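Written below as structure tokens is the structure these notes are about.
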Amino acid sequence: MPAFTFLSFALRNLKRKPLRTAMLVFSIALLVSALVFILSFVRRVDSVIKVTSDRLGSDIIVVPAGSRGAAEDILLENKVKSFYMDMAVMDKLRHIKDIDALTGQTYLVSIVGQCCDVPETIVVAFNQDSDFIIKPWLVKKLGRKLGKGEAIVGSESAMNISVGLTEVDSVLFGNMFKMLGVLEKTGTGLDTAIFIDESNIGDILKSGKTILKPEQISIIFVRVKKGADPVAVAGKIEDSIIEVDAVARKDIGRNILDTLRDLNRIFIVTVAIASMLSIALVWAVFSAIANERAWEIGVIRAIGARQSHVSRFFLIEVLFIGCIGSILGILAGTAVSILLAKHFMLLKNVTADLGMIERLLIALISFVAGVGICIIGALSPIQRLKKMEPLLAIKGD
Amino acid sequence: MAQIEIRDVSKIFTVGDLQIRAVDDVSLGIEKGEFLSIVGHSGSGKTTFLSIIGGIMKPTSGRVLFEGKDISSLDDAGLSGYRNNTVGFMFQFASLLPILTAWENVLLPCLFGSGCDVNDKKRAEELLHLVGLGDKINAYPSQLSGGQQRRVAIARAFMNAPEVILADEPTGDLDEETEAEIMELFKKLNREQNVTFIFITHNLDLARQAQKQIRMTHGVIKEI
């Protein structure tokens, strides 16, 4: 004989109207999947910005005035852009108090068929003596400095350029470069770049295949002295050198975060409305269920069921719908967040993905929200039903 | 002392501005093992009166004492325990849960008690055999006739070996033969197990089979 328990009783009740049960599960799954997608999206962008600014190893970035957005696009979103300022800015920076070290990078845009035989990407020319941005990764991979005519590529560009196990020769701005290998993933926008030593700039300028002019530089990374406040130093830089923007580490990506915050508000309002609709749906369905089963509840109350037993019956049903809906929603939402992420401009070029713990946390929050919405929606009909006098429930009064 | 003492019990329903006295200041004592019938016209308050005795409706005033204990003062757990262990209720309509088999419907009261063990499961089967439905254990209510459903409800009322059986027109829509069989079963259980029986009927012949008969009119006991 089949098991006869509260659980089996509740599950059989759910099977009475399979379509209604399926619709409830589906609506909860839909809500939870939206929640998972939104949380994943927001968290991913947020973590990319934090990881990138941390890994850059720089306290302040200095770029030409008005180019802050473009610099963030390159560093955070792997976008291909160029901007230049006078190299004399470096000398001016050296006179500012509290600056411990600085290093410059020049960004060149490769255009296939015109200057280069690699797909469009950023070519970063940097000073290996002063550098503290690329060096840790370069030492790890190469164990020596890059020579003239040598290049190393970021992890995300390796596939495009077919660099990997073997060295490849490529033309960059009319000069032949030997691609020595692939850097380890840094988790920054520079993962899609190609790196060359600053000493190659002269030959590149001679080729005439770039808009770069002599004595120009794109960005300066600044490290402040121990105990100095990067925000204060950045302010000092902007006050002293009018032609630059200085962005402290914690402010890197602020523009994106501000945009994201607006997006967040839209998402929160959308999810709040969807949650209220789901609560209303669950309430309506469970009110209908309560009316349908009022006489049955009256009967079981008459033969000894307590109010808590009635709650237990319905809560098992609610929890079942909530749990199944939430699990399906989490799976769907995670899949959508992975598959569709690349279709969002904001996430298109970011390299870092969410870790397992973050994904589990998002799943847990969404699960609790899904189940909670079910319980909140069903609470009032359950309360009403369990408090009815058995005879009145049986008579349907 | 009577097993059940009903003292000055009234039940008033309010419908809009109208107040209906379904049970009007009724007092009655029922001895253990008594076989009592209640007759009266529709709307005379019989079902309300029986429901108050069974603890499935609270009186507006007055008290119902079971073996000296006031059931009106019990909390939900106490009252549910009374309904579960002390009283077996039979309704005037088919009251089986459609998603449960005959056996599960009979077993239902133990689910709300201390849980169903092997003995309970065996007892449910035995009760179904006792009411002549040993071959319908796994049948769902929709697969049973009206008479068979009544028998399942009777078996369920006996599941937790109650001291009192309250039956609201237990043979209401049954044919004469089935009605007679069920009355015989009631008498047998009353005789052999000393269970108190209180049943409502419109059938005066059936009412006369009881040791004691009462008539209700407009919520008042008129005749004993």
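For the range A:286-302, filtering for residues that are away from every other protein chain (no Cβ under 14 Å) and either buried (at least 20 other Cβ atoms within 10 Å of the Cβ) or under 14 Å from A:Arg16 (Cα atoms) (or both) leaves 3. Against the conditions (1) under 30 Å from A:Val62 (Cα atoms); (2) surrounded by 13 or more Cβ atoms within 10 Å (Cβ to Cβ), A:Ile242 satisfies every one except (2).
Is it true that B:Asp120 is over 16 Å from B:Ile154 (Cβ atoms) and in contact (Cβ under 8 Å) with a residue 24 or more places away in the chain? Taking the combined requirement at face value, the residue satisfies it.
Scanning the range B:140-149 for residues that are away from chain A (no Cβ under 14 Å), at pLDDT below 90 and in contact with a helix residue (DSSP H, G or I) (Cβ under 6 Å, 6 or more places away or on another chain) turns up at least one hit.
Tallying residues that are part of a strand (DSSP E or B) and under 30 Å from the mean Cα position of the chain (by Cα) within the range A:176-197 yields 5.
Of the residues making up the range A:198-225, those that are under 31 Å from the mean Cα position of the chain (by Cα) and not small (Gly, Ala, Ser) number 7.
In summary, B:Glu192 fulfils each of the numbered conditions (1) more than 24 Å from A:Glu296 (Cα to Cα); (2) touching a residue at least 12 places away in the same chain (Cβ under 8 Å) with the single exception of condition (2). Among the residues of the range B:28-44, just one is among the hydroxyl-bearing types (Ser, Thr, Tyr) and surrounded by fewer than 20 Cβ atoms within 10 Å (Cβ to Cβ), namely B:Ser42. Flag set for B:Asn84, criterion: surrounded by 15 or more Cβ atoms within 10 Å (Cβ to Cβ) and of a type in the set (S, T, N, Q).
Please work out which residue is surrounded by the fewest Cβ atoms within 10 Å (Cβ to Cβ), limiting yourself to the range A:125-141 and to residues that are among the hydrophobic types (A, V, I, L, M, F, W, C) and closer than 16 Å to A:Lys185 by Cβ.
The extreme case among them is A:Val139.
Residues in the range A:131-175 that are acidic (Asp, Glu) and outside any strand (DSSP E or B) were compared, and the one that is modelled with the lowest pLDDT is A:Glu167. Being of a type in the set (Gly, Ala, Ser), within 20 Å of the chain's Cα centre (by Cα) and at positive phi is a description that does not apply to B:Gly113. B:Asp117 passes every criterion in (1) within 14 Å of chain A (Cβ to nearest Cβ); (2) closer than 25 Å to B:Glu34 by Cβ; (3) surrounded by fewer than 21 Cβ atoms within 10 Å (Cβ to Cβ) apart from (2). Within the option set B:Ile182, B:Ile154, B:Ile224, being modelled with pLDDT under 90, of a type in the set (A, V, I, L, M) and surrounded by fewer than 14 Cβ atoms within 10 Å (Cβ to Cβ) holds for one residue only, B:Ile224. Remark: A:Ala335 falls outside the filter, which requires a residue to be surrounded by 19 or more Cβ atoms within 10 Å (Cβ to Cβ), away from every other protein chain (no Cβ under 14 Å) and at pLDDT below 90. Pairs meeting the criteria (first residue in the range A:89-114 and outside the structural domain of A:Ala71 (by TED's automatic domain parsing) and farther than 21 Å from A:Arg68 by Cα, second residue assigned to a loop (DSSP other than H, G, I, E, B) and among the small types (Gly, Ala, Ser), beta carbons under 6 Å, at least 6 apart or on different chains) are lacking.
The values are calculated or read from the model by the stated rules, or taken from the named source; none is laboratory data. Please read all numbers here as calculations on a predicted model, not as lab measurements. Reconstructed Cβ throughout: ideal geometry from the backbone, glycine too, with neighbour counts over all protein chains shown.
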